[in-house]
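K.L.:
One structure coming up, written as structure tokens, with questions to follow.
The values are calculated or read from the model by the stated rules, or taken from the named source; none is laboratory data. Just so it is clear, the structure is predicted and the values come from calculations on it, not from any experiment. Heads up, the Cβs are rebuilt from the backbone with ideal geometry, glycines too, and the neighbour counts pull from every protein chain shown. These area figures cover heavy atoms from the full protein model, side chains too; ligands, DNA and RNA do not enter into them. Shrake-Rupley method; radii C 1.70, N 1.55, O 1.52, S 1.80 Å.
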Amino acid sequence: MRGQVQGVGFRPFVWALARRFGVSGEVSNDAEGVLILCAGGDLEGFEAALRLDAPPLARVDAVESRAAQVAEGEGFAIVASGGPGAETRVTPDAASCGECVAEIFGDGRRRGYAFTNCTNCGPRFTILTGLPYDRAQTTMAGFALCEPCRAEYEDPGDRRFHAQPVACPDCGPRLWFERDGGEVGGDALALAAEALGRGEILAVKGLGGFHLCCDATDAAAVAALRARKRRPAKPLALMASCEVLEGYAAPGEAERALLREAAAPIVLLAKREGGLPEVLAPGQGALGWMLPYTPLHHLLCAALGRPLVMTSGNLSGEPQAIGNGEARETLGGIADGFLMHDRDIARRLDDSVERITPHGPMVLRRARGRVPGTLPLPEGFPERQVVAYGGQMKAAICLVKNGQAMLGHHLGELDEALTWEAFLQADRDYAALFDHRPEAVACDLHPGYRATQHAQGLGLPVLEVQHHHAHLAACLGENLWPLEGGPVAGIVLDGTGLGADGTLWGGELLLGDYRGFERVGWLRPAPLVGGDKAAREPWRNALVRLDQAGLAEEAEALFAAQPLAALRMAAERGLNAPLSSSAGRLFDAAAACLGICAEAQSFEGEAAMRLEAMAEGSGEGYGLPFESGVFETAPMIRQLVQDGRDGVRAGQRAWRFHAGLAEAFAAQARALVESGRAEAVALSGGCFQNALLLDLTVKALGDLPVLIHRSTPANDGGLALGQALVALAGLESR
Ligand code: ZN
Ligand code: ZN
Ligand code: FE
């Protein structure tokens, strides 16, 4: 049996099934998955049940069976794993299962115990220190099992059979409450809930790192958290039980199912009027919610009975703290108290962020609960090993081995020194865990990216992959587009990435596949005046777009307080003003024209997210005529301004902007398919995390085959997967 079948209670499940169907033989883990030797009894029923009744965390990709010599009638045994390479698989961390939650709120010996888990739930990747996965190679190694726990651990009929982190109050990790560096005596959970109830901010040690936590209904507490964390506007994630959550949000069927998955991601849910304080996510249309996913969370949520802010415990821009000492040091100035425990976190993992779009689920940030899950490679790729290092922002590493791609966890922005350290650590860590020996490395074309420099220093063959080609390939790969599947029209709407011609690209229509591409169309380039500043200050993009559209006086009226003359001169002379076809910056320009974040945005994507949130309406999009490869932006900008003069509501203007982009790119992509040059259309790049843009583009493409991102991020978080596939395609043709 292949798939996610190790470390998820598969062997005891097989053992129990064998008894049920009167089958004798044995089960073991091997390098490819789970190997079952069986004879006698109801073999057909046994084989069918293997697929149908698999344990909750298992994912069966394939069952292959053939005749073998097996002795009949000698019982059924779970045997130690055989051969080299066995037990090399690790499953992602999983949210507490229903049975464990019932236990912590029940009367048994684990009542109120914050570290309850079983084979069907609990920590995995975040406590793993080495392979094979067993207790001695986890951060539970120092906790000796007590007799009752050992009995459960050794009983194949028990839910805790070989559950490596099994524990109880007598033998497992301990929880305590801390203030001013010292433990406060008493019930830690009650003390924490009281503090939260008083409006205090706590640091809470979780699964993949510390969270900063406060009462989400308390606007003053939330404002204090923002001020202390120096995070003025970036949305804060929330945690609440299902019942509490339903009082503030109205998740649909698919959203509810996603919230309840074992991965327990943060799910974006539409805001409801008059609910929670606006300061949680100023100007945004959605709030990020997750359900409690550890017993500690369940107990804390139950004790407070209100939604909690659960934002990552870090200083702005830095990675999340994972060690107790580290947390005291970095979070001491933010948190009034600490909810601490003594089970070490082996590996830092942020919460995953996902949303349900009109076209299904979409991963925005891939981390806890999803990693280290693997993705199968599309048909036609060789079984060779490569590693890819992604981009500079939203860094993530991708390893390819045995026909599977392992896209690592979200690391963050590599220009931050501590994130860079985390990147290097993740690189070593993944290579060791997966016994990875790449024959080539892939990276971005940008020589200034730290990941690119790292790739070039390894002494292996390096393949530099153009940024938007990598986005396209990632989308193809996720959709299992075969290596020989033929060329695809790629609409890549993105921030910026270095283009093959040395300018910055980001609003692209590409035609290609894994092996190569042709740049068919792009947004009229505009200068990014001030370089990086242009990404932070939307008015800079509005100024150059208005000037291009012959609306200089409009810019002067809108941004009178800004140094327009100096910027215009820099733009004209090309002083720190690189040309770019970025779609992200066009979003910024439109937002600034509508008065959204015109002066500055406090986090990447803020202006565009607000533009999406306010958009409402119908009708035709603004014109973006296509000529000789260029999508001309001036008519769009002129209509946007004219609508404003005509008193058209901002929401409608935002909607027409989205629709214009979608329609223009879809029309040209359609032409490529209809002329027989492309087989399908792929949508990638960070802008496609915008559900409205995605929906309008898919609709404009009508009945054409469309490939979109679902389980890998459309933004730079998915870049490494695309790079790896391009590199692999290159190895194959060599
Ligand atoms: Zn459980
Ligand atoms: Zn115990
Ligand atoms: Fe990108």
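K.L.:
Which of (1) closer than 16 Å to Leu202 by Cα; (2) open to solvent by less than 30 Å² (accessible area, probe 1.4 Å); (3) modelled with pLDDT of 95 or more is the odd one out, the single condition Thr294 does not satisfy?
P.N.:
(1)
K.L.:
Ala80 versus (1) closer than 30 Å to Arg347 by Cα; (2) at pLDDT 85 or above: which is the lone unmet condition?
P.N.:
Checking Ala80 against (1) closer than 30 Å to Arg347 by Cα; (2) at pLDDT 85 or above, the one that fails is (2).
K.L.:
Yes or no: Arg159 within 16 Å of ligand 1 (Cβ to nearest atom), open to solvent by 30 Å² or more (accessible area, probe 1.4 Å) and in contact with a strand residue (DSSP E or B) (Cβ under 7 Å, 6 or more places away or on another chain)?
P.N.:
Against the criterion (within 16 Å of ligand 1 (Cβ to nearest atom), open to solvent by 30 Å² or more (accessible area, probe 1.4 Å) and in contact with a strand residue (DSSP E or B) (Cβ under 7 Å, 6 or more places away or on another chain)), Arg159 qualifies.
K.L.:
With buried (at least 21 other Cβ atoms within 10 Å of the Cβ) and either within 15 Å of ligand 2 (Cβ to nearest atom) or in a helix (DSSP H, G or I) (or both) as the only criterion, which of Gly142, Gly172 stands out?
P.N.:
Gly172
K.L.:
Quick one: which of Glu87, Glu99, Glu103 is under 29 Å from the mean Cα position of the chain (by Cα), at pLDDT 95 or above and open to solvent by 20 Å² or more (accessible area, probe 1.4 Å)?
P.N.:
Glu99
K.L.:
Residues in segment 111-125: is at least one assigned to a helix (DSSP H, G or I) and open to solvent by less than 50 Å² (accessible area, probe 1.4 Å)?
P.N.:
yes
K.L.:
If we only count helices (runs of 4 or more DSSP H) wholly inside segment 199-262, which ones have 1 or more residues that are within 22 Å of Phe177 (Cβ to Cβ) and open to solvent by 10 Å² or more (accessible area, probe 1.4 Å)?
P.N.:
The qualifying helices (runs of 4 or more DSSP H) are 219-229.
K.L.:
Under 7 Å between Cβ atoms, at least 6 apart or on separate chains: pull out the pairs that start in segment 498-518 with a residue that is within 25 Å of Leu483 (Cβ to Cβ) and end on any residue that is hydroxyl-bearing (Ser, Thr, Tyr) and surrounded by fewer than 22 Cβ atoms within 10 Å (Cβ to Cβ).
P.N.:
Arg515/Ser733
K.L.:
Can you confirm whether Leu424 is under 30 Å from Ala321 (Cβ atoms), out of contact with any strand residue (DSSP E or B) (no Cβ under 7 Å at 6 or more places or on another chain) and at pLDDT below 95?
P.N.:
no
K.L.:
Sticking with this one: Inside segment 705-734, can you point out the residues that are assigned to a helix (DSSP H, G or I), touching an Asp or Glu at 6+ places or on another chain (Cβ under 9 Å) and over 29 Å from Glu604 (Cα atoms)?
P.N.:
Hits for segment 705-734 are Ala729, Leu731.
K.L.:
How many residues does segment 1-27 hold that are surrounded by fewer than 19 Cβ atoms within 10 Å (Cβ to Cβ) and either within 26 Å of the chain's Cα centre (by Cα) or modelled with pLDDT under 90 (or both)?
P.N.:
Total satisfying the criteria: 1.
K.L.:
Could you tell me whether segment 62-78 includes any residue that is open to solvent by 40 Å² or more (accessible area, probe 1.4 Å), of a type outside the set (A, V, I, L, M) and touching an Asp or Glu at 6+ places or on another chain (Cβ under 6 Å)?
P.N.:
Looking through segment 62-78, none of the residues is open to solvent by 40 Å² or more (accessible area, probe 1.4 Å), of a type outside the set (A, V, I, L, M) and touching an Asp or Glu at 6+ places or on another chain (Cβ under 6 Å).
K.L.:
Another question, then. Considering only residues that are surrounded by fewer than 23 Cβ atoms within 10 Å (Cβ to Cβ), small (Gly, Ala, Ser) and in a loop (DSSP other than H, G, I, E, B), which ones fall in segment 310-342?
P.N.:
Once the filter is applied, which keeps residues that are surrounded by fewer than 23 Cβ atoms within 10 Å (Cβ to Cβ), small (Gly, Ala, Ser) and in a loop (DSSP other than H, G, I, E, B), segment 310-342 yields Ser316, Gly317, Gly323, Gly332, Gly333.
K.L.:
Next question. Output the number of residues of segment 560-583 satisfying the condition of being surrounded by fewer than 21 Cβ atoms within 10 Å (Cβ to Cβ), in contact with a Leu (Cβ under 9 Å, 6 or more places away or on another chain) and in a loop (DSSP other than H, G, I, E, B).
P.N.:
3
K.L.:
Could you grab me the full set of residues in segment 542-578 that are of a type in the set (S, T, N, Q) and either outside the structural domain of Val529 (by TED's automatic domain parsing) or touching a residue at least 60 places away in the same chain (Cβ under 8 Å) (or both)?
P.N.:
Across segment 542-578, the qualifying residue is only Gln548.
K.L.:
Tell me yes or no: at least one residue of segment 584-598 is part of a helix (DSSP H, G or I) and open to solvent by 30 Å² or more (accessible area, probe 1.4 Å).
P.N.:
yes
K.L.:
Tally the residues that are closer than 11 Å to Pro358 by Cβ and either within 16 Å of ligand 1 (Cβ to nearest atom) or open to solvent by 30 Å² or more (accessible area, probe 1.4 Å) (or both), restricting the search to segment 680-695.
P.N.:
1
K.L.:
Residue by residue through segment 649-679, note down the ones that are of a type outside the set (Gly, Ala, Ser) and surrounded by fewer than 16 Cβ atoms within 10 Å (Cβ to Cβ).
P.N.:
If the condition is that a residue be of a type outside the set (Gly, Ala, Ser) and surrounded by fewer than 16 Cβ atoms within 10 Å (Cβ to Cβ), then Arg649, Glu674, Arg677 are the ones that fit.
K.L.:
Output the residue which, of all residues in segment 706-722 that are farther than 23 Å from Ala669 by Cα and buried (at least 24 other Cβ atoms within 10 Å of the Cβ), is nearest to ligand 2 (Cβ to nearest atom).
P.N.:
This residue is Gly717.
K.L.:
Take the residues in segment 87-139 that are aliphatic (A, V, I, L, M) and in contact with a Gly (Cβ under 8 Å, 6 or more places away or on another chain), then tell me which one is nearest to ligand 2 (Cβ to nearest atom).
P.N.:
Out of the qualifying residues, it is Ile104.
K.L.:
Kindly establish whether Ala163 is touching a residue at least 12 places away in the same chain (Cβ under 8 Å) and more than 16 Å from ligand 3 (Cβ to nearest atom).
P.N.:
Taking the combined requirement at face value, the residue satisfies it.
K.L.:
Then there's this: For segment 459-480, what are the residues that are under 14 Å from Ala729 (Cα atoms), of a type outside the set (Gly, Ala, Ser), away from ligand 3 (no atom under 13 Å from the Cβ) and crowded, with 24+ Cβ neighbours inside 10 Å?
P.N.:
Correct list: Leu476 only.
K.L.:
Would you be able to tell me the number of residues in segment 109-128 that are among the hydrophobic types (A, V, I, L, M, F, W, C) and within 11 Å of ligand 1 (Cβ to nearest atom)?
P.N.:
Here the count works out to 2.
K.L.:
Quick one: Glu99 ticks every box in (1) in a loop (DSSP other than H, G, I, E, B); (2) more than 28 Å from Glu32 (Cβ to Cβ) except a single one, so which number is it?
P.N.:
It fails just one condition, (1).
K.L.:
Could you look through segment 178-198, keep only residues that are more than 31 Å from the chain's Cα centre (by Cα) and open to solvent by less than 50 Å² (accessible area, probe 1.4 Å), and pick out the one that is nearest to ligand 1 (Cβ to nearest atom)?
P.N.:
Among those that are more than 31 Å from the chain's Cα centre (by Cα) and open to solvent by less than 50 Å² (accessible area, probe 1.4 Å), it is Ala188.
K.L.:
Given the criteria farther than 24 Å from Gly651 by Cα, in contact (Cβ under 8 Å) with a residue 60 or more places away in the chain and either within 31 Å of the chain's Cα centre (by Cα) or in the same structural domain as Glu318 (by TED's automatic domain parsing) (or both), does Ser602 qualify?
P.N.:
When the stated conditions are applied, Ser602 does not pass them.
K.L.:
I've got another one for you. In segment 681-704, what residues are more than 25 Å from Arg610 (Cβ to Cβ) and either out of contact with any strand residue (DSSP E or B) (no Cβ under 7 Å at 6 or more places or on another chain) or outside any loop (DSSP other than H, G, I, E, B) (or both)?
P.N.:
Val681, Ala682, Leu701, Gly702, Asp703
To keep it simple, each residue is scored yes or no on (1) near ligand 1 (Cβ under 10 Å from one of its atoms); (2) in contact with a Leu (Cβ under 9 Å, 6 or more places away or on another chain); (3) in contact (Cβ under 8 Å) with a residue 12 or more places away in the chain.
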{"residue": "Gly98", "(1), (2), (3)": "yes, no, no"}
{"residue": "Gly106", "(1), (2), (3)": "no, no, no"}
{"residue": "Leu131", "(1), (2), (3)": "no, yes, yes"}
{"residue": "Phe143", "(1), (2), (3)": "no, no, yes"}
{"residue": "Pro148", "(1), (2), (3)": "no, no, yes"}
